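Since the structure comes first, as structure tokens, the remarks are kept for the end.
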Amino acid sequence: MMIIMKTNATPQQVEHVIEHIKAAGLAVHLSQGVEATILGAIGETHNLPTEQFEVLDGVEDVKRITQPFKLASRQFHPENSIFPLDGFSVGGDEVAVIAGPCAVESRSQIIETAHAVKEAGANALRGGVFKPRTSPYAFQGLGEEGLEYLAEAREQTGLPIVAEIMSQTQLEMMVKYVDVLQVGARNMQNFNLLRAIGETRTTVLLKRGLSATIEELLMSAEYILSGGNRQVMLCERGIRTYETTTRNTTDINAIPVLKNLTHLPVILDPSHSTGHADYVAAIARAAIAAGADGLIVEVHPDPSHAASDGKQSLKPEKFAEMVKQVGQIAQIMGRRLAVVQGAYTPQGWA
């Protein structure tokens with residue numbers, strides 16, 4: 001249920017409505033926009049009459065949110081969510097480009113890649129340290145050692161870190177190092193993990209499951225949002241279909257659909273959605289033209305010797321070409337590539 005306050009509603013009136021919402025056994029989520037203050041009454045509200053809140057002082061209107069994903073819905077939050085990501089913003093006119101290897105393999109590899117993607121125009125560094133691999137015998141990642149290498153790369157380049165978390169047992173360690181917690185496709189419906197992440201205030205990149213519907217993706221985001229963590233980015237990374245010529249099938253439709261349904265930023269992963277370096281740039285261009293707020297791309301200095309996903313990884317020079325193309329399309333769409341402002345220090349951004 002969404003309770004819209006009058007523009008001249010006083011803080012006391014807002015607090016009075018909040019008390020009534022809590023008294024009804026519901027959770028409260030406050031959204032203060034430029035034109036109005038909106039209170040979200042979250043819980044089982046179908047048996048509650050709207051008149052119960054319409055009569056309260058300062059209330060302009062009460063509407064039921066018909067979609068099951070309440071906090072992620074544009075009904076609750078009509079304007080795009082825009083939030084800072086260590087030196088730039090996500091969800092507004094800026095287009096974010098996150099790049100780096102599938103896995104952190106060594107100190108020299110991640111630092112070399114970080115400098116290369118920064119020079120090419122990336123504004124965040126990705127790198128896996130805990131790898132969910134199909135085979136238990138495949139490279140599983142360097143763990144905390146890899147996080148230390150990522151942190152050193154951040155100090156040298158100023159690029160914030162995006163890294164995948166696989167379990168809530170890793171959460172305490174991860175939030176000490178990373179700027180964005182990536183929830184991979186296989187963990188999209190790991191609800192215990194989502195709840196735990198919702199209690200943090202670390203930005204999240206939530207990837208769509210291999211066979212998940214758009215509504216299921218948004219319901220997973222709802223778990224994080226309901227915990228109080230509002231900085232959630234959604235990631236379309238391709239879905240599993242009957243087509244075998246690519247690793248997955250890129251659902252370009254999902255970008256405008258998500259932008260219509262939710263206020264959350266939408267990122268596209270052209271590496272996993274195609275599985276082949278030859279197709280990455282084309283899908284990246286298509287994503288920005290369709291309205292995506294950013295890209296996450298795999299880049300490796302020597303893809304033929306990568307520990308994982310070398311086939312879909314771009315060499316730095318190919319990535320630089322892609323960034324130029326994406327920047328041109330962003331301009332056509334009335335947007336621009338994000339630029340990291342300031343300088344990063346271990347204490348934060350200067």
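Throughout, read-outs are computed from the coordinates displayed, never taken from laboratory work. Just so it is clear, the model here is predicted, and its values are computed rather than measured. In this analysis, Cβ positions are derived from the backbone assuming ideal geometry, glycine residues included, and neighbour counts consider all displayed protein chains.
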The stretch 201-350: antiparallel DSSP beta bridges as a percent of all, rounded to 5: 25
Efficiency of FRET from Cβ geometry, A289 and N80, R₀ 22 Å, rounded to 0.05: 0.80
Coordinate range along principal axes, alpha carbons of the chain, Å, largest first: 67, 44, 41
Percent of beta bridges antiparallel (DSSP, the stretch 2-63, rounded to nearest 5): 100
At most 10 other Cβ within 10 Å, DSSP loop - GluC sites (Glu not before Pro), the stretch 9-61: E35, E44
In range of the label at S135: residues from the stretch 185-220 whose backbone nitrogen is under 16 Å from the point 7 Å along Cα→Cβ: none
Theoretical FRET efficiency, 1/(1+(r/R0)^6), r = Cβ-Cβ of I18 and K176, R0 35 Å, to 0.05: 0.55
Enclosed volume per residue, in Å³, of the convex hull spanned by Cα atoms of the stretch 206-286: 84
Estimated D of the stretch 167-304 in µm² per second, where Rh is the Kirkwood radius over Cα pairs and Stokes-Einstein applies at 20 °C, 1.002 mPa s: 140
Value at 222 nm in deg cm²/dmol, rounded to 500, when DSSP H runs of n ≥ 4 in the chain each add -39,500 (n - 2.57): -10000 deg cm²/dmol
q = 0.21, 0.25, 0.29 Å⁻¹, the stretch 2-63: log10 I(q)/I(0) [Debye, one scatterer per Cα]: -0.74, -1.07, -1.45
Spatially near lysine pairs across the stretch 1-136, Cα under 22 Å, sequence gap of 8 or more or different chains: 5
DSSP-defined beta bridges in the stretch 83-349 - what % are antiparallel, rounded to 5: 15
Angle between the chain longest axis and helix 214-226 axis [Cα atoms, degrees, rounded to 10]: 70
Full-stretch length increase - L210, T246 - with 0.36 nm per residue and alpha-carbon distance subtracted: 11.6 nm
Approximate spin-label separation S304-R107, in nm, with each point projected 7 Å along Cα-to-Cβ: 2.8
